[in-house]
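Visitor: Handing you a structure now.
Every number here is computed from the coordinates shown, using simple stated rules; none is lab data. From a predicted model like this one, the values you see are computed outputs, not experimental measurements. All Cβ positions, glycine included, derive from the backbone under ideal geometry; neighbour counts span all protein chains shown.
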Amino acid sequence: MKQPIIIDTDPGIDDAAAISIALNHPSFDLRMITTVNGNVGIEKTTANALKLKRFFSSDVPVHRGSSQPLISDIVDASAVHGESGMGGYDFPEINYNDLSSTHAVEAMRKELQTSDEPITLIPIGPLTNIALLLSTYPEVKDYIKEIVLMGGSASRGNVTPLAEFNIYCDPEAAQIVFNSGLPITMVGLDVARSSTLSHTAVNKLQTLNQTGDMLYQIFKHYKGDGLEKGINVYDAYTILYLLNSGKFNVQEADVQIETTGALTKGATVTDFNTHYPNCTVVMSVEPIEFEKMFFDVLKYCK
Ligand code: RIB
Ligand code: CA
């Protein structure tokens, strides 16, 4: 039975890996891709989602979402992902007829309320769209199976010493999502840092298949943290966790978001000692296990 999912994304080099797997793996029924301002501006993240839709000749709808955080000023990660957000590969021309005219939040609401089974939401960018969905239409919570999100860190950050990028971009949105009462799985920086994809493994991508070559080419333009060891393919861990949760080490915790501190804004304050956890934190996976899972799932791609 295919698992119905929705990916909310800010492509984004590591987003491209997650989207490639979700679009092609037989275990998933990807209902739609929704875009959000994040790594780069909304027009570029949306263009990058359309590039991937065309690369895979996919009929999965793409819906443009929020162009800015709920309250915070816009920040971006073009220094990490490049000016376009996904440079380094000669993607097919975008056809803007591929872009649905319905806003991401409206499209998610409609899909959730008409789905014959609950849907898993997989946000891999700032949580603006998800917070707007849950705040504007709280009744949709009944149709959401769980939220498996890339964001946060139980240890140090990557934008500031304490804050991870997706949460830092829109901490108010994150606070709404983490306190929604829905089943939340936080796939933060920790698990990727425990299993960085080595440069040797990245080089093997080039000859795997067309998708491997595309990822190899864009990974070469990635200026993320931990580059001395390899590539932290942060977003892909959400999808691989859904496919192989038993291979990951997790801990229950109460996670609250710092929204005001000059030095601490965007921190995911993670309390493992709580009697009232609000989320499952994915902490680690064996590096060799991650590499095997990653290559195994990419074999379903062209
Ligand atoms: O901190 C890593 C996260 O921020 C990833 O989702 C990456 O794509 C960026 O959005
Ligand atoms: Ca992302």
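Visitor: What full-extension length gain, to one decimal in nm, is calculated for Ser135 and Ser155 as 0.36 nm per residue of separation minus the Cα-Cα distance?
Guide: On the way: separation 20, 0.36 × 20 = 7.20 nm, distance 2.89 nm.
Full-extension gain reported as 4.3 nm.
Visitor: Please compute the contact order of the chain in relative form: average sequence separation of alpha-carbon pairs under 8 Å and at least six residues apart, divided by the residue count, as a percent.
Guide: Values: 699 pairs, mean separation 60.5, N = 302.
Contact order relative to length: 20 percent.
Visitor: Another question, if that's okay. Please give the per residue volume of the convex hull enclosing the alpha carbon atoms of the stretch 190-253, rounded to a whole number of Å³.
Guide: Working: hull volume 6.5 nm³, N = 64.
Each residue corresponds to 102 Å³ of Cα convex hull volume.
Visitor: If I histogram all Cα-Cα distances within the stretch 225-302 using bins 10 Å wide from 0, what percent of pairs lands in each bin?
Guide: For the stretch 225-302, the pair-distance distribution reads 15, 35, 34, 14, 2.
Visitor: Can you give the calculated 222 nm mean residue ellipticity of the chain, where each DSSP H run of n ≥ 4 adds -39,500 (n - 2.57) and the sum is split over every residue, rounded to the nearest 500 deg cm²/dmol?
Guide: Details: 12 runs with 105 residues, N = 302.
Rounded to the nearest 500, the figure is -9500 deg cm²/dmol.
Visitor: Next question, about the same structure. Report, in whole Å, the centroid distance computed from the Cα atoms of the stretch 36-92 and the stretch 114-161.
Guide: 18 Å
Visitor: What do you get when you divide the Cα radius of gyration of the stretch 143-302 by 2.2 N^0.38 Å, with N the number of residues? The partial results should precede the final answer.
Guide: On the way: Rg = 16.2 Å, N = 160, 2.2 N^0.38 = 15.1 Å.
In units of the globular-protein estimate, the stretch 143-302 measures up at 1.07.
Visitor: Now a separate question. Give the residue from Leu121, Leu99, Ile176 lying farthest towards the positive end of the charge dipole for the chain; charges sit on Cβ (+1 for Lys and Arg, -1 for Asp and Glu) and the dipole is referred to the Cα centre.
Guide: Leu99
Visitor: In this model, which of Lys44/Lys110; Lys53/Lys110; Lys2/Lys145; Lys110/Lys141; Lys2/Lys292; Lys220/Lys247 are farther than 18 Å apart at the alpha-carbon? Walk me through the numbers on the way to the answer.
Guide: Details: Lys44/Lys110 25 Å; Lys53/Lys110 21 Å; Lys2/Lys145 14 Å; Lys110/Lys141 12 Å; Lys2/Lys292 22 Å; Lys220/Lys247 28 Å.
Pairs exceeding 18 Å: Lys44/Lys110; Lys53/Lys110; Lys2/Lys292; Lys220/Lys247.
Visitor: What spacing in nm lies between the two simple spin-label points modelled at Lys145 and His103, each 7 Å away from Cα in the Cβ direction?
Guide: Rounded to a tenth, the inter-label distance reads 2.8 nm.
Visitor: Under a plain spin-label model, where a point goes 7 Å from the Cα along Cα-to-Cβ, how far apart in nm are Glu93 and Asn249?
Guide: 5.2 nm
Visitor: Here's another thing I want to ask about it. Quick check on the exposure proxy: order Met283, Met186, Met214 from fewest to most C-beta atoms within 10 angstrom.
Guide: Values: Met283 19, Met186 30, Met214 26.
If I rank by nearby Cβ atoms, fewest first, I get Met283, Met214, Met186.
Visitor: Here's something else I'd like to know. Ranked highest first by the average count of other Cβ atoms within 10 Å around their residues, in what order do 7-15, 44-52 fall? Intermediate results must be reported in sequence, preceding the final value.
Guide: Working: 7-15: 30.1, 44-52: 25.6.
Sorting 7-15, 44-52 by mean packing, highest first, produces 7-15, 44-52.
Visitor: OK, next. Relative contact order for the stretch 137-202: what is it in percent, counting Cα pairs under 8 Å that are at least 6 residues apart?
Guide: Values: 66 pairs, mean separation 25.7, N = 66.
Reported as a whole number, the value is 39 percent.
Visitor: Work out the length of the dipole vector of the chain about its Cα centre, built from +1 on the beta-carbon of each Lys and Arg and -1 on the beta-carbon of each Asp and Glu, and round it to the nearest 20 debye.
Guide: Values: 22 positive and 36 negative charges, 119 e Å.
That gives a dipole near 560 debye.
Visitor: Between Asp271 and Asn179, what is the spin-label point distance in nm, taking each point 7 Å from the Cα along the Cα→C-beta axis?
Guide: Each label point lies 7 Å from its Cα, and together they span 1.2 nm.
Visitor: With Cβ to Cβ distances under 10 Å as the rule, what net charge do the other residues near Glu164 carry (K, R +1; D, E -1)?
Guide: 0
Visitor: Name the residue farthest towards the positive end of the dipole of the chain from the options Leu162, Thr34, Gln68, assuming +1 on Cβ of Lys and Arg, -1 on Cβ of Asp and Glu, about the Cα centre.
Guide: My answer, from the dipole projection, is Thr34.
Visitor: What are the ³J(HN,Hα) values, in whole Hz, obtained from phi via the Karplus relation 6.51 cos²θ - 1.76 cosθ + 1.60 with θ = phi - 60°, for each residue of the stretch 266-278 in sequence order, with x given for Gly and Pro?
Guide: Each residue's phi maps through the Karplus curve to give x, 5, 9, 7, 9, 9, 7, 9, 5, 8, 10, x, 10 Hz.
Visitor: For His81, His221, which order do you get if you count the other beta carbons within 10 Å of each Cβ and list the fewest first? All intermediate terms of the calculation are to be shown ahead of the outcome.
Guide: Working: His81 29, His221 16.
Exposure proxy ranking, most exposed first: His221, His81.
Visitor: Next question. Tally Lys and Arg at +1 and Asp and Glu at -1 over the other residues with C-beta under 11 Å from the C-beta of Thr211: what net charge comes out?
Guide: On the way: positive: Lys299, Lys302; negative: Asp213.
Taking every Cβ under 11 Å from that of Thr211, the sum is +1.
Visitor: Based on the Cβ-Cβ distance of Ser198 and Glu43, what FRET efficiency does E = 1/(1 + (r/R0)^6) give at R0 = 30 Å, to the nearest 0.05? Walk me through the intermediate numbers first.
Guide: Details: r = 34 Å, r/R0 = 1.14.
Once the sixth-power term is evaluated, E becomes 0.30.
Visitor: A further question on this structure: Sort the chain into rounded, prolate or oblate with this rule: let a ≥ b ≥ c be the square roots of the eigenvalues of the Cα gyration tensor; rounded if a/c is under 1.5, and if a/c is not under 1.5, prolate when a/b is larger than b/c, oblate otherwise. List each step's numbers first, then the result.
Guide: Details: a/c = 1.31, a/b = 1.11, b/c = 1.18.
Because its axes are fairly even, with a/c under 1.5, the chain counts as rounded.
Visitor: Same structure, new question: How large is the Rg to Rh ratio of the stretch 1-122 when both quantities use alpha carbon positions and Rh follows Kirkwood? Each step should come with its number before you reach the end.
Guide: Numbers: Rg = 14.0 Å, Rh = 14.6 Å.
Over the Cα atoms of the stretch 1-122, Rg/Rh equals 0.96.
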